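Undergrad: One structure, pasted below without further comment.
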Amino acid sequence: MSLLPVMVIFGLSFPPVFFEILLALVVFFLLRRVLQPTGIYDFVWHPALFNTALYCCLFYLISCLFV
């Protein structure tokens with residue numbers, strides 16, 4: 001459980017995990033944009049599974065930083 005309080009923006013309340021998800025999504029898109037020209041996707045069996053695993057790992061690392 002996160003120690004951060006609920007954020008209220010324009011009357012809408014957002015849990016702290018919402019911002020962690022958004023930050024992980026931004027980092028994921030930047031990292032994917034860097035990895036595509038390197039040709040790493042040529043060695044990956046299933047790019048969609050690789051992207052999912054990459055996002056999950058990024059989300060886990062970012063959520064560990066916030067706790």
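The values are calculated or read from the model by the stated rules, or taken from the named source; none is laboratory data. Values in this document were obtained by computation on a predicted structure and should not be read as measured data. FYI the Cβ positions are ideal-geometry reconstructions off the backbone, even for glycines, and counts take in every protein chain you see. What goes into the accessible areas is simple: the full protein's heavy atoms, side chains included, and nothing from ligands, DNA or RNA. Shrake-Rupley method; radii C 1.70, N 1.55, O 1.52, S 1.80 Å.
Undergrad: Are any of the residues in segment 31-39 hydrophobic (A, V, I, L, M, F, W, C), within 26 Å of Pro16 (Cα to Cα) and part of a helix (DSSP H, G or I)?
TA: Going residue by residue through segment 31-39, those that are hydrophobic (A, V, I, L, M, F, W, C) are 31, 34-35.
Applying the additional criterion that residues be within 26 Å of Pro16 (Cα to Cα) yields 31.
The next check asks that each one be part of a helix (DSSP H, G or I); those that pass are 31.
Checking segment 31-39: at least one residue is hydrophobic (A, V, I, L, M, F, W, C), within 26 Å of Pro16 (Cα to Cα) and part of a helix (DSSP H, G or I).
Undergrad: Sticking with this structure for a sec: Could you please give the count of residues in segment 1-18 that are open to solvent by 70 Å² or more (accessible area, probe 1.4 Å) and assigned to a helix (DSSP H, G or I)?
TA: Here the count works out to 1.
Undergrad: Continuing with the same structure: Working only within segment 21-45, note down all residues that are without any contact (Cβ under 8 Å) to a residue 12 or more places away in the chain and open to solvent by less than 70 Å² (accessible area, probe 1.4 Å).
TA: Keep residues of segment 21-45 that are without any contact (Cβ under 8 Å) to a residue 12 or more places away in the chain, which gives 22, 26, 29-30, 33-45.
Across segment 21-45, the qualifying residues are Leu35, Gly39, Ile40, Tyr41, Val44.
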